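All remarks here apply to the structure that follows.
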Amino acid sequence: MKSKQKEDNNSNIKMGKSNKTLMLVCYLLVAFFAIICLFPFALMITSSFMTEKEIVTEGYKLFPKTWSLSAYTYLLKNPTNLLNAYRVTITITVVGTVIGLFIMSMAGYVLNRKDFKYRNFFSFFIYFTTLFSGGLVPTYILYVRHLNLKDNIWALILPGLVSAWSIFLMRNFMKSIPDELYESATMDGAGPFKIYLRVFMPLALPSLATIGLFLALGYWNEWYNASLYIDTATKYPLQYYLQKMINQTSIAALTSSGHVIDAAAAPTQSVKMATAVLATGPIIMLYPFVQKYFVSGLTVGSVKG
């Protein structure tokens, strides 16, 4: 009996050691892949502080020989335009994300209700938009001629406001919420909108955080619609403004006809790295706040019906 107990203790000790070894290997692998993922960001940041001469002769490096602020000095020589571009981008990101979450969560809530008579029809109608698109020309005509959104900031918000994929993700997440909650709230006298707002919305926080992150990233990286619909420089979003800073020698050196008069002062490679830092830095700060909801929002929404 004692020998058997001793053997069990030895086996438990061996299993404990093997588990610790396995955990150590897993942590080392995760740390290795984390370093691989962080390396491009670190290289981007350090390269933005390099001189053009060093980049041309020696390439991008993590530890430059000479640290220079010339790239940021170039970008910040007119801080008013840069701050205004940040303001536009933050505005469309906040407004578009809030309104988009409100619309898509309501759509997912309604499509999940079994007592909604036409939910299958509308589900197919929404799914149909993922297969076919009207194209650029009809979309442009709609926004410019019929909605009068030419040079309007709403032209940057409306195109990315609703996503069929996000609606179905929200609907699938709503399926994980018990119907008994709806019935209980109905018996207490709550109406459909109050049930949606007070019962389902707090429970759908993981899905809201996941979809909200996708929406925010889309609006933060907005530049294509700005190139189509926006003409006034004060309405440029950040990405489009930085793109113009790279493609042109200087915003301040434009003539009244829009031609560059100083072609020799083309942006350097360090300026391109600096624009990437200015564009990606703020939005990265958003991820830690939604990280704990991100995985659960994706997994719960993906395994239901």
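Computed from the coordinates by the stated procedures, all read-outs in this text should not be read as laboratory data. Predicted model only: the values in this text are computed from it and were never measured. When we count neighbours, we look across all protein chains shown, and the Cβ atoms used for this are built from the backbone with ideal geometry, even at glycine.
Details
- Farthest toward the positive end of the dipole of segment 150-253, out of Ser227, Gly189, Ile177, is the Cα of Ser227, where the dipole comes from beta carbon charges about the Cα centre.
- Candidates per chymotrypsin sites (Phe, Trp or Tyr not before Pro) in segment 12-81, loop by DSSP, up to 12 other Cβ within 10 Å: Trp67
- The Cα atoms of segment 151-200 give a gyration tensor whose axes a ≥ b ≥ c have a/c of 1.5 or more with a/b no greater than b/c, which makes the shape oblate.
- Applying a threshold of 24 Å to the alpha-carbon distances of Lys77/Lys235; Lys61/Lys235; Lys235/Lys272; Lys150/Lys244; Lys53/Lys235 flags Lys61/Lys235; Lys53/Lys235 as lying beyond it.
- Taking other Cβ atoms within 10 Å as a rough exposure proxy, Ser133, Ser270 sort from fewest to most as Ser133, Ser270.
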